[in-house]
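Before any comments, here is the structure.
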Amino acid sequence: MRLPKLTGPVLSGLHCFLIAAEQMSFTRAAEILCLTQSAVSHKIKNLEDSLGVQLFIRQPRKLTLTEEGKRLKMVVAHNFGDIAHEIRDLKTLELSGDFNVAVPPTFAQTWLLPRLKEFLDKYPALRFHLRTRNELIDFQTETFDCAIYFGHGKYGGLHSAKLMDESMLPVCSHDYAVAHDLYGNPDKLSTCMLLHDAAPWARAGRNDEWQYWAQRHGVELPEAGCTFDRADLALQAAERGIGVAMGRKSFIADQFDDERLVAPFAMSVTSPLSYYIVCRKELAQSPRIVAFAEWLRSLVD
């Protein structure tokens, strides 16, 4: 058996030969390979010509491997198995090592962290490093693989993909709502202390969320207010009866379930911004980032 050059047609013919030899049928091999029977027969004939040996004894309704065919089947099956195993190992390596992710603080604490164990269990070879940031990442100088932004999705020179939308509404403690007669009376906000997340998104003003909500519902807001640099701090202040906070629904599910927070009037708005996973364009198909993005989307689909 002479040694041919391992060109594309030869490699394709070897794969076709292996399937036919395992099935002992050109017809079944064609079904597996999504080819016609004549295409399978043609590939194997070309392979036999390249090798200078006959691999099959063709009889009506019956195939038999020649001695050379039996030897080649053993070698090809062993080596194709090694190749498949090596490819699996390479993919595993790509899903191992350090994985650095930047996330807004409150999103990390109230939404991502309670769910993170599932991702870490699924990819145990990854060393996950979570850092919280309100500001945008400089991907040219910082060593983050990706980040989650709450924003408009347009970030020059970067790849971004939407994870989920957000809605928001005013929330406070039940006692505060009763004391200020808030139930069903949004006009009573004028007597309340507003609690602001001063950094709801990158480069936002300290009362942008409240103003966006008020404009859409025609509600006048009071001047009195407290500001915090994290949304969860504003929500905790609301729990403690300090005032009324603007609550994003993805952040307040637990407080609603426990009745630590209430919505005194059902007047929510869809936020103008959404959550995006962002990375350098050349890393958009990185197995780590793809796996993380797919896992995140599975939580909101």
Take residue 221 and decide whether it is under 37 Å from the mean Cα position of the chain (by Cα), under 20 Å from residue 262 (Cα atoms) and either open to solvent by 20 Å² or more (accessible area, probe 1.4 Å) or free of Cβ contacts under 8 Å to residues at least 60 places away in the same chain (or both). no
Consider residue 141 against the criteria (1) at pLDDT below 95; (2) under 20 Å from residue 163 (Cα atoms); (3) of a type in the set (Val, Ile, Thr): it satisfies all of them except one. Which criterion is unmet? (2)
Can you confirm whether residue 252 is within 23 Å of residue 144 (Cα to Cα), among the β-branched types (Val, Ile, Thr) and touching a residue at least 24 places away in the same chain (Cβ under 8 Å)? no
Say we look at the range 149-207 and pick out the residues that are among the polar types (S, T, N, Q) and not in a strand (DSSP E or B); which of these is least open to solvent (accessible area, probe 1.4 Å)? 173
Out of the range 102-138, which residues are of a type in the set (Asp, Glu) and at pLDDT 90 or above? 118, 121
Inside the range 96-117, can you point out the residues that are more than 16 Å from residue 289 (Cα to Cα) and not small (Gly, Ala, Ser)? 104, 105, 106, 107, 109, 110, 111, 113, 114, 115, 117
Applying the selection to the range 242-264, what residues are assigned to a loop (DSSP other than H, G, I, E, B), touching a strand residue (DSSP E or B) at 6+ places or on another chain (Cβ under 9 Å), open to solvent by 30 Å² or more (accessible area, probe 1.4 Å) and more than 15 Å from residue 185 (Cα to Cα)? 242, 249
Mind listing whichever residues of the range 97-127 are surrounded by 15 or more Cβ atoms within 10 Å (Cβ to Cβ) and in contact with a strand residue (DSSP E or B) (Cβ under 7 Å, 6 or more places away or on another chain)? 99, 100, 101, 102, 103, 104, 105, 107, 108, 112, 126
Selection from the range 265-292 of residues buried (at least 18 other Cβ atoms within 10 Å of the Cβ) and part of a helix (DSSP H, G or I) yields 288, 289, 292
Could you tell me which of the residues 285, 236, 255 is of a type outside the set (A, V, I, L, M, F, W, C) and assigned by the TED database to the domain that holds residue 115? 285
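The values are calculated or read from the model by the stated rules, or taken from the named source; none is laboratory data. Only a predicted model underlies this, so the values are computations on that prediction, with no experimental measurement involved. Cβ sites come from the backbone with ideal geometry, for glycine too, and all protein chains shown count toward neighbours. Note: accessible area is taken over every heavy atom of the protein model, side chains too, but ligands, DNA and RNA are not part of it. Shrake-Rupley method; radii C 1.70, N 1.55, O 1.52, S 1.80 Å.
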